[in-house]
Amino acid sequence: MALETGTANRAGTTRTAGPTDLAVVVEGVMKRYGAVEALAGIDLAVPRGTVLGLLGPNGAGKTTAVRVLTTLLRPDSGTATVDGLDVVRQPQQVRLRIGLAGQYAAVDANLTGRENLVLVGKLNHQVKSTSRDRAAELLDRFDLVDAADRTVRTYSGGMRRRLDLAAALVNRPSVLFLDEPTTGLDPRSRNDLWAVIEELVADGTTLLLTTQYLEEADRLADEIVVIDHGRVIARGTAGELKAGFGSSRLELDFDDPAAATAAASAVPAAVGTANVEGAHVAVTLADGAKAVLEALRAIDSTGLEPTRIALREPTLDDVFLSLTGRPTADVAADAAAGAAK
Ligand code: ATP
């Protein structure tokens, strides 16, 4: 399961990365805030040109890891390098090579989109004409030409995130860090942003992405590292994680709860674990296709007729639940409660 330095890239070819092929290396990084161990000694390796998805619930330590790697925070111990440069000893050089777009768009709402990008160019010591050209290029690429000369205050959340991502690219970074890039976006804006991120990756940018969305890690990342309470609890490709921790699930709806309960109790324990919720039955299957047939035969023998049958292959949500004991729905609810405070 462990997939340290060899990975399948998006073209589907597998290669083994040597140390110089690694854009990001993290070894035993720890960071404590008083009594809270935000990072309890994590190891990461991101081969050049690949995407690492750092997946975890609220408070797992994702932002802390990104802050260490982007030189904004000094680790208590351990080492981290980006593009072969030590983030503690060579922070200035690291900053020249990286781009960071955060959970909350960091652009200035009082400036226009174009002014924001030109300003970032200036801060990166670009000459005026270069910063203007780069701003125009990025506005075009991120579909912000029409809104380029409006103040960001008038932008939608999705537009702000796109501008924030554009701002992170002004300097043509070789390694890009995206900290929960789509948190709070509606499904359409999220999809738009994913498409833009996929283009960047296709162009060869190395990406470290943090996310609470399993779907996002599944779609964008070559390798996924799951963290919880500052510790790596699993790593692998989405496929490996699903194969290792997920189970197929048979879902059935009945006309009423009594029928659902009777159907669930007909499923032998060796075939799967049946849970009833109202008139819905979910059977977590012990094993592949044979278990599906056995479960259906057992239910059929009761004479009860389901109104709907669906077979769900394992998702990363299942993986997360089996690893942390917490469903992602709870995580999302916690996040919403936190945001409402
Ligand atoms: P989220 O998804 O909510 O952004 P996260 O995975 O990014 O969460 P971190 O922000 O890295 O998590 O936080 C890890 C832990 O460290 C949490 O328990 C958090 O409360 C704590 N923490 C983070 N920053 C500070 C700080 N400046 N002072 C004290 N505790 C902090």
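Send over a whole-number figure in Å² for the accessible area per residue of the range 41-163, probe 1.4 Å. Walk me through the intermediate numbers first.
Values: 5850 Å² over 123 residues.
I get 48 Å² per residue for the range 41-163.
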Residue-by-residue Karplus 3J(HN,Hα) for the range 38-49, coefficients 6.51, -1.76, 1.60, Hz, glycine and proline x: 5, 10, 9, x, 9, 10, 9, 9, 10, x, 3, x
Förster-model FRET efficiency, 30 Å R0, VAL88 and HIS125, C-beta, rounded to 0.05: 0.80
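What value, in deg cm²/dmol to 500, does the helix sum -39500 (n - 2.57) over DSSP H runs of n ≥ 4 give at 222 nm once divided by the residues of the chain?
Values: 12 runs with 129 residues, N = 341.
After summing the helix terms and dividing by the residues of the chain, the value is -11500 deg cm²/dmol.
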Karplus 3J(HN,Hα) series, Hz, for the range 55-67 with 6.51 cos²θ - 1.76 cosθ + 1.60 (x for Gly, Pro): 10, x, x, 3, x, 5, x, 4, 5, 4, 4, 5, 5
Distant-in-sequence amide H partners of VAL24 (H built 1.01 Å from N, under 5 Å): VAL46, ASP83
Per-bin percent of Cα-Cα distances, the range 126-266 [10 Å]: 9, 30, 26, 16, 11, 5, 2, 0
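Given the convex hull of the Cα atoms of the chain, what is a quarter of its surface area in nm²?
Working: hull surface 82.0 nm².
Average projection, Cα convex hull of the chain: 20.5 nm².
May I ask you to give the percent of accessible area on the chain that is carbon plus sulfur, with a probe radius of 1.4 Å?
Working: 8300 of 16180 Å².
The value for the chain is 51 percent carbon and sulfur by accessible area.
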Residue-count net charge about THR81 - beta-carbon cut-off 10 Å; Lys, Arg +1, Asp, Glu -1: -2
Two-decimal log10 I(q)/I(0) for the range 83-173, as the Debye equation yields it once each C-alpha is a single scatterer, q = 0.20, 0.24, 0.25 Å⁻¹: -0.88, -1.16, -1.24
Test item: Cα-centred dipole of the range 87-199, Lys/Arg +1 and Asp/Glu -1 on Cβ, debye: 460 debye
Degrees between helix 328-340 axis and first principal axis of the chain (Cα, 0 to 90, nearest 10): 50 degrees
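Take peptides 289-301, 37-49 and line them up by average Cβ neighbours within 10 Å, highest first, as a rough protection proxy. List each step's numbers first, then the result.
Numbers: 289-301: 15.9, 37-49: 21.0.
So the order, starting with the most tightly packed, is 37-49, 289-301.
What net charge do the residues around SER156 carry, taking every other residue with its C-beta under 15 Å from that of SER156, with Lys and Arg at +1 and Asp and Glu at -1?
Details: positive: ARG150, ARG153, ARG160, ARG161, ARG162, ARG188, ARG190; negative: ASP143, ASP146, ASP164, ASP186, ASP192.
Around SER156, the surrounding residues sum to +2.
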All-pairs alpha carbon distance profile, the range 193-244, 5 Å steps from 0, percent: 4, 18, 29, 24, 15, 8, 2
For the range 186-284, fraction of C-alpha pairs farther apart than 21 Å, in %: 56 percent
Per-residue ³J(HN,Hα) for the range 182-194, Karplus 6.51 cos²θ - 1.76 cosθ + 1.60, θ = phi - 60°, Hz, x for Gly and Pro: 10, 4, x, 8, 6, x, 5, 5, 4, 4, 4, 5, 4
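The values are calculated or read from the model by the stated rules, or taken from the named source; none is laboratory data. All of these numbers come straight from a predicted model, not from anything done at the bench. Note that each Cβ is placed from the backbone with ideal geometry, even for glycine, and that neighbours are counted across all protein chains shown. Heavy atoms of the whole protein, side chains included, go into the accessibility calculation; ligands, DNA and RNA do not. Shrake-Rupley method; radii C 1.70, N 1.55, O 1.52, S 1.80 Å.
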